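Let me begin by presenting the structure, written as structure tokens, before commenting on it.
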Amino acid sequence: MLLSLEHLRKEYPGHKVAVNDVTLHIEAGEFVCFIGTSGSGKTTVLRMINRMLMPTSGTVLINGEDTSKLDPVKLRRKLGYVIQNIGLMPHMTIRENITLVPKLLKWSQEKRDAKAIELIKLAQLPEEFLDRYPSELSGGQQQRIGVVRAFAADQDIILMDEPFGALDPITRESLQDLVQDLQQRLGKTFIFVTHDMDEALRLATKVVIMDAGDVMQIDSPENILKHPANEFVTNLIGEERLIQARPSVTPVGQIMLKSPIYITQDQSLPTALETMHKSRVDTLLVTDANRVLRGVVDIETLNDEFNSGKTVGDIMDDKVFYVFENSVVRDTVNRILKMGYKNVPVVNKEYQLVGIVTRATLVDMVYNALWSQDEDANDQTQIGNKEANVDD
Amino acid sequence: MISFFQTNGAELLVKIWQHIYLSFVSLGLGIIVAVPVAVGLTRAKKLAGFVIGLASVLQTIPSMALLALMIPIFGIGSFPAIVALFIYSLLPILRNTYIGLNNVDPSVLDAAKGIGMSNMQSIMQVELKLAAPVIMSGIRLSATFVIAWATLASYIGAGGLGDFIFNGLNLYRSDLILGGSIPVIILALITDYILGKIEYLLTPKSIRA
Ligand SMILES: Nc1ncnc2c1ncn2[C@@H]1O[C@H](COP(=O)(O)OP(=O)(O)OP(=O)(O)O)[C@@H](O)[C@H]1O
Ligand SMILES: [Mg+2]
């Protein structure tokens, strides 16, 4: 276990309990999102991890080591920390800002310069920015710098307190991509506080929902959406999102057609035409003998090459777009709709063809989702009418 | 004018030197004491009101009275004068340093601590640098006070340009009074100019007005 919080509690003077009893175990590579109402204790938990605050009771263990026995200054240098208000040093250049921790750790000048260039690239900003001051950057650019500063000394655990607050949706999304990439590609562990449910559901491998110093639910985003632990969680997620979530957590395998029309690559072109004609389709998926998806062949190509004596494998287009059967429908929907595919083959982990998602399937799904939403709306109006009757 | 320099030129140089010595030693001591105390006060805010209040009270003691008080304690000469001037220099530096440090953006301090700066590193590399312009204006103010009041040090035998002025007053000789006062004014102006340059150099580039 990389990071363990054991019965953490924080009381402020006057018996004000900010955090009641939080126990949480975090594996390396996880992306943990804390979400909850204002004042629920999220920041307090985060700051007890890097000892910006001392817990009233309970322990924080990093790799099994009790952090209260470590030098807090050294501990903080090992944990990346992005504070809510960015907190760049106004009197230091961007270069000095992002290599501050390496400097505290007494890295050599060359190593620091190399790091600065690496980090500015990571932030997707031009190298010239290294010699600017924070006030010469836009808010979003400053926030990017604040985020990459937390990676300067190759910290494995990154604490972030509402790092993308007050940003426009586009900048926000690109920063979310940035941290997600860092988690997935570099295997960093994130503890991330946010107010934004969409952000939490998008980034988290584990969501921690807090209210008034207590943990309401700790679970994967899918499970939180499927099984909200109590009414508070339901309200926090929001009715709308729960409805929207219905298709989103369904795996593709559940909605696909399980009998796709396909042909093996060693077949002759007349056989292919025969199959198309019988099944009344204008494209065929092509697999090898083990049913592994290899490509696709359409009627136009077939027509052009019909008398060439080639096999299906010779003329097929091997650049075929596919989805995995366990991927989430929401992504598939977006891709099919955005990229204009008529249909998309579905494969299993071994890349064997197991089904197909057609536009017709999607229409059914969207129809069902909207229809059930309508039903809910009707229910509510009926209740409204009843109440009106009572008043009469 | 020329005859004034001919008769008093050598003595004038000596008095100017004494004046500079008195002012700068007491100002230097003031900085050495007030800046660290102010830093300490930002870490113990409860004490701040009391300590700054105390410095304000000291400031309100009439300068002649303060000098006179020094005699029974330290006798006469430059030492008691330096002590008195040092006490006067404290308040502006103390107050400005404290205000300057307190005005540093708390999120910057939080970040400094959060990324792993020790208390000392935060003070030296962040807080004092960001507060430098405010601290320096306190020092400039103190410098002007100290140079002006150093003339009174002559009263307890510490020398300085005050000697000319007091002699002039005693002998009803306006050339001596002017010969003492004008160098004091010039000294104050030059000092302020130099401190202004230092202030500019100490102010981080990005926050220069
Ligand atoms: N220094 C303090 N003294 C007393 N109470 C405090 C102090 N700091 C925080 N609190 C209280 O502790 C509770 C939890 O605060 P915390 O900052 O952890 O909330 P949060 O979940 O991060 O809220 P937000 O979403 O608004 O940032 C709040 O009720 C707050 O008022
Ligand atoms: Mg908070």
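Only the coordinates and a few stated rules stand behind these numbers; no lab work does. Treat the numbers as computed from the prediction; the structure is a model and nothing was measured. Note: ideal-geometry Cβ built from the backbone for every residue, glycine included; neighbour counts use all protein chains shown.
Descriptive notes on the structure:
- The mean count of C-beta atoms from other chains within 10 Å of the C-beta of residues in A:91-102, rounded to a whole number, is 3.
- Cα gyration tensor category, rounded, prolate or oblate, for the range A:148-269 with a/c compared to 1.5: oblate
- Degrees separating the helix A:329-339 axis from the principal Cα axis of chain A, which is the longest one: 60 degrees
- DSSP H segments from chain B that extend 15 Å or more along their own axis, Cα-based, with Kyte-Doolittle mean of 1.0 or above: B:2-43, B:45-60, B:63-74, B:78-102, B:128-149, B:174-202
- Charges were assigned to the Cβ only: +1 to each Lys and Arg, -1 to each Asp and Glu. The resulting dipole of the range A:3-248 about its Cα centre is roughly 800 debye.
- Within 10 Å of the Cβ of each residue in A:71-82, the mean number of Cβ atoms contributed by other protein chains is 3.
- Residue order, fewest to most surrounding Cβ atoms within 10 angstrom, among B:V134, B:V146, A:V328: A:V328, B:V134, B:V146
- Remark on A:V286: its backbone amide H falls under 5 Å from those of A:I263, A:R294, A:G295, A:V296, A:V297, a criterion applied only to residues 5 or more positions apart or on other chains, H modelled at 1.01 Å from N.
- Anisotropy class of the range B:2-204 from Cα gyration tensor, a/c 1.5 cut: prolate
- Unit charges at the beta carbon, dipole of chain A: most positive-side option, A:P260, A:L3, A:L100: A:L100
- 0 to 90° range, to nearest 10: angle between helix A:359-391 axis and chain A longest Cα axis: 60 degrees
- Per-residue mean of foreign Cβ neighbours for B:114-125 is 6 (Cβ atoms of other chains, 10 Å radius).
- For chain A, adding -39500 (n - 2.57) for each run of n ≥ 4 DSSP H residues and dividing by the number of residues yields -12500 deg cm²/dmol at 222 nm.
- In the elastic network of chain A, a GNM with C-alpha springs shorter than 10 Å, the most mobile of A:V101, A:V296, A:V45 is A:V296.
- Within chain B, longest stretch clear of exposed trypsin sites (Lys or Arg not before Pro) (DSSP loop, no more than 14 other Cβ within 10 Å): B:1-172
- Degrees separating the helix A:239-249 axis from the principal Cα axis of chain A, which is the longest one: 50 degrees
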